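K.L.:
Before I ask anything, here is the structure I am working with.
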Amino acid sequence: MSTAEKIQNVGYQQIDHWIDGKSTAPVKGKYFPTLNPVDDAEITTAASGSPDDINVAIETAQRAFTSFSKSLPKERERILCKAAELLERDRDEFISILVDEIGSPIKKAGFEVEKGLAFLRAAAGMTRQMTGKTIPSDVPGKFSMSIRSPIGVIAAITPFNVPLIKGVRLSCNPIALGNTVVMLPSEEAPLLSNRLAKLYQEAGLPDGVFNVVSGNGYEIGDTLTTHPDVKMVTFTGSSVVGQHIRELCAKHNKRMTLELGGKSPLVIMEDASMKDAIGGAIQSIFMFQGQVCMGASRIYVHENIFEPFVKQFSKIAASLGRGDLRDPDTVIGPIISERQRGRVRDHIKDARDKGATIVTGGEWESNRCQPTVLTGVTPEMTVYAEETFGPVVSVYSVSSIDEAIERSNDSRFGLSAGIYTQNISDAMRYVMEVESGMVHVNGAILHDEPHVPFGGVKDSGSGREGTEEDIEAMTEWKWVTIQM
Ligand code: NAD
């Protein structure tokens, strides 16, 4: 039986919040529809949270913290290993939710599961890495050391586009370290987080350690991020919401990691392998129909290969599969919501009206935007600088590595970047001079692993995610001395 046949829409029941290890109806009794982005058909309804629900979830997480913070590494390790085992067992169900809830082509959904497994397994290892230090003391006979402890309740806020990757990552690392979590998933993806909560429970996670409140972030987010019992906010989403959270965290003295938007550059020099560069560029911008933070939405190509590159790249872009999401050949699915579709449409229209050339694409097939390649994009066009978050890419011609670096840095974002070249000097200059949290040479610029410092600079974020980085961010130091 093929994967496509095996993974069918499983049918979805109405979902409540998940608080204290059980489904919990919203205090105000309100629910909102969850739509399948392919045709905007309602697949179920989800609890619409209010500030009261957030407060109950935080009180629960705070209570659970009292005992969970004292749990042993081997206990948390066992839970996280078991969670990975269960995700592997229930892989098809998770894939199905990703296909139906966010319009994920099946290959991208499978990729999320693989990453989720990696994060859970790496988090299991973190439980034994909460080490401290012995410190030399200037005082005779004084033994000095520092020890780490978990910090408390962590607010984890996730975006719609990678609800499994971020849902797992923003929960398993805090849990590995003995913290408790209140998750606010994107209103476009409440089902996935609810299913994740059930998986954790089956894995043996004590009640109250992982809680999920669904609803409209614009209405309930501030209650979560400013609550006195929340010690840290770990947020992935747009730069606009991120900036708002940054200000609140500063005002209310909370730790934060912010993983935000991007407008990532990819440079292709004259000596690059054309085949590799085109393959990398296609993957870097069109995966999940361009709704990826690291998407290479700006491509700078050396002038001597500009024309053949644009021709071949556009031809492949135009041929990307736009069929059934459960067909492994499908790459381009629907844009998640009418709000997001509106932005993609506006960017294309604005570019067209102001004189850009649409080499391929630019039209819609129901809720799907055709892979769209633009040339002749100028700074007056919205698409030049703003994140489109759709399958839209601007290709520019550059004459040298200096110009490629300068143009790459001409952005308020700095998440990921990449260069294709055989010239080690050009590659290293680019690596050292590009203003970006991550940079890849001769490879796709969409990349993530559990133990790397993942994140961006400028408007793309503050802080980094990663096993080491999260141990630093999600634990508290205590300095201890013993006078002998
Ligand atoms: P979004 O900012 O609209 O929403 C993200 C989350 O924030 C949602 O859960 C939403 O409910 C919540 N939210 C809204 N207002 C809030 C408030 N006042 N307080 C607290 N939470 C609030 O983003 P989105 O449209 O879901 O996701 C797309 C964006 O996320 C893009 O900009 C993309 O680049 C970015 N993203 C970044 C990364 C990364 O790792 N850097 C990864 C994935 C997505």
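K.L.:
Where residues in region 233-256 are within 10 Å of the ligand (Cβ to nearest atom) and within 15 Å of Glu465 (Cβ to Cβ), which of them is nearest to the chain's Cα centre (by Cα)?
P.N.:
Thr236
K.L.:
Something else: Whether any residue in region 273-281 is open to solvent by 20 Å² or more (accessible area, probe 1.4 Å), outside the structural domain of Ile405 (by TED's automatic domain parsing) and without any contact (Cβ under 8 Å) to a residue 12 or more places away in the chain is what I want to check.
P.N.:
No, the conditions are met nowhere in region 273-281.
K.L.:
Which of the following residues is within 16 Å of the ligand (Cβ to nearest atom) and either surrounded by fewer than 18 Cβ atoms within 10 Å (Cβ to Cβ) or more than 19 Å from Phe235 (Cβ to Cβ) (or both): Val480, Val452, Val398, Val434?
P.N.:
Val452
K.L.:
Could you say which residue among Asn216, Asn304, Asn253 is touching a Gly at 6+ places or on another chain (Cβ under 9 Å), open to solvent by 40 Å² or more (accessible area, probe 1.4 Å) and not aliphatic (A, V, I, L, M)?
P.N.:
Among Asn216, Asn304, Asn253, only Asn216 is touching a Gly at 6+ places or on another chain (Cβ under 9 Å), open to solvent by 40 Å² or more (accessible area, probe 1.4 Å) and not aliphatic (A, V, I, L, M).
K.L.:
Any idea how many residues of region 28-54 are in contact with a Ser or Thr (Cβ under 6 Å, 6 or more places away or on another chain) and open to solvent by 60 Å² or more (accessible area, probe 1.4 Å)?
P.N.:
Looking only at that region, the number is 4.
K.L.:
Name the one entry in Ala123, Ala118 that is open to solvent by less than 10 Å² (accessible area, probe 1.4 Å) and among the hydrophobic types (A, V, I, L, M, F, W, C).
P.N.:
Ala123
K.L.:
Further question: Which members of region 424-441 meet the condition of being polar (S, T, N, Q) and either more than 11 Å from Ile401 (Cβ to Cβ) or touching a helix residue (DSSP H, G or I) at 6+ places or on another chain (Cβ under 6 Å) (or both)?
P.N.:
Result: Ser436, single match.
K.L.:
Under 8 Å between Cβ atoms, at least 6 apart or on separate chains: pull out the pairs that start in region 328-348 with a residue that is touching a residue at least 24 places away in the same chain (Cβ under 8 Å) and over 18 Å from Gly261 (Cβ atoms) and end on any residue that is of a type in the set (S, T, N, Q) and crowded, with 22+ Cβ neighbours inside 10 Å.
P.N.:
Between residues of region 328-348 that are touching a residue at least 24 places away in the same chain (Cβ under 8 Å) and over 18 Å from Gly261 (Cβ atoms) and residues that are of a type in the set (S, T, N, Q) and crowded, with 22+ Cβ neighbours inside 10 Å, the close pairs are Val331/Gln289; Ile332/Gln289; Gly333/Ser104; Gly333/Gln289; Pro334/Gln289; Ile348/Thr372.
K.L.:
While we're here: Of these, Thr421, Thr467, which one is touching a helix residue (DSSP H, G or I) at 6+ places or on another chain (Cβ under 9 Å), β-branched (Val, Ile, Thr) and outside the structural domain of Met294 (by TED's automatic domain parsing)?
P.N.:
Thr467
K.L.:
Out of Glu114, Glu88, which single residue is within 30 Å of Asp327 (Cβ to Cβ), charged (D, E, K, R) and touching a residue at least 24 places away in the same chain (Cβ under 8 Å)?
P.N.:
Going through Glu114, Glu88 in turn, just one is within 30 Å of Asp327 (Cβ to Cβ), charged (D, E, K, R) and touching a residue at least 24 places away in the same chain (Cβ under 8 Å): Glu88.
The values are calculated or read from the model by the stated rules, or taken from the named source; none is laboratory data. Every value quoted in this text rests on a predicted model; they were computed, and no experiment measured them. Here the Cβ is made from the backbone with ideal geometry for all residues, glycine too, and neighbour counts use every protein chain on show. What goes into the accessible areas is simple: the full protein's heavy atoms, side chains included, and nothing from ligands, DNA or RNA. Shrake-Rupley method; radii C 1.70, N 1.55, O 1.52, S 1.80 Å.
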